[in-house]
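Engineer: Have a look at this one.
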Amino acid sequence: MIFTSIPKTLILFFLAAFPLISGAASWGPFNIIEAEPLDEVWLNPGFHSYHFEKDINLNNNNLGFGVEYRYSTVSAITAGRFHNSDWQMSSYAAWYWQPLEFGSVRIGALLGAIDGYPKARNGDWFPMALPVASYEYKHIGISLTAVPTYKDVVHGSLTLQLRLKMY
């Protein structure tokens, strides 16, 4: 859940949104999820990261606490705190937009803001736009997020988050 190159992400958003705008029900192997109201609360204990850079001492166990309110089949808001890759505390607030599905996996983006990374705006808040895929079964969910490397500011990784549905 970290800053990435906005232009690349925007291109991906427009590609994903094109079938929605055109009224298509599917787009290649992906189905368009129809937006319907939901009322679900999910909690998470942080996440685990697999960092691409192996030559520096990064924190892979990003423990913390987060809450997600899923108000639609395609959208949710989330906020939380965790121990980031740089061994600092980070806070985040974001919006999930996942309008596509591939089988039972929801695909989309996470848009928001995050802080706590010393080389990114001196630890202050900065924007993030990340691709995310989620799978849910009853009261358990997992999310996989790709975080690209950004100079020496943000360390690229794949993050896996376990989520538990409260209601």
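Engineer: Could you list, in sequence order, all residues of segment 124-159 that are part of a strand (DSSP E or B) and of a type in the set (S, T, Y)?
Structural biologist: S134, Y135, Y137, S143, T145, Y150, S157, T159
Engineer: I need a count of the residues in segment 78-104 that are under 22 Å from S157 (Cα atoms), hydrophobic (A, V, I, L, M, F, W, C) and surrounded by fewer than 16 Cβ atoms within 10 Å (Cβ to Cβ).
Structural biologist: Counting residues in segment 78-104 that are under 22 Å from S157 (Cα atoms), hydrophobic (A, V, I, L, M, F, W, C) and surrounded by fewer than 16 Cβ atoms within 10 Å (Cβ to Cβ) gives 5.
Engineer: Next question, about the same structure. Spot the failing condition for N61; the list is (1) modelled with pLDDT of 95 or more; (2) surrounded by 12 or more Cβ atoms within 10 Å (Cβ to Cβ); (3) closer than 19 Å to L160 by Cβ; (4) not acidic (D, E), and only one is missed.
Structural biologist: (2)
Engineer: Residue by residue through segment 70-123, note down the ones that are of a type in the set (V, I, T), part of a strand (DSSP E or B) and free of Cβ contacts under 8 Å to residues at least 60 places away in the same chain.
Structural biologist: The answer is I77, T78, V105.
Engineer: Condition first: hydrophobic (A, V, I, L, M, F, W, C), free of Cβ contacts under 8 Å to residues at least 40 places away in the same chain and part of a strand (DSSP E or B). Can you find one or more residues in segment 49-65 that meet it? Spell out the reasoning first.
Structural biologist: Here is the first cut: in segment 49-65, the residues hydrophobic (A, V, I, L, M, F, W, C) are 52, 56, 58, 63, 65.
From what's left, free of Cβ contacts under 8 Å to residues at least 40 places away in the same chain: 63, 65.
Restricting the remaining residues to those that are part of a strand (DSSP E or B) gives 63, 65.
Taking every residue of segment 49-65 in turn, at least one turns out to be hydrophobic (A, V, I, L, M, F, W, C), free of Cβ contacts under 8 Å to residues at least 40 places away in the same chain and part of a strand (DSSP E or B).
Engineer: Could you list all residues from segment 110-130 that are more than 20 Å from A79 (Cβ to Cβ) and either among the β-branched types (V, I, T) or surrounded by 17 or more Cβ atoms within 10 Å (Cβ to Cβ) (or both)?
Structural biologist: none
Engineer: Would you call Y71 more than 30 Å from D152 (Cα to Cα) and modelled with pLDDT of 95 or more?
Structural biologist: yes
Engineer: For I107, are the conditions met, namely being at negative phi and surrounded by 15 or more Cβ atoms within 10 Å (Cβ to Cβ)?
Structural biologist: On the way: at negative phi: yes; surrounded by 15 or more Cβ atoms within 10 Å (Cβ to Cβ): yes.
Spelling it out, I107 is indeed at negative phi and surrounded by 15 or more Cβ atoms within 10 Å (Cβ to Cβ).
The values are calculated or read from the model by the stated rules, or taken from the named source; none is laboratory data. No experiment lies behind these values; they were computed from the predicted model shown. Because the Cβ atoms are built from the backbone with ideal geometry, glycine has one as well, and the counts that use them run over all protein chains shown.
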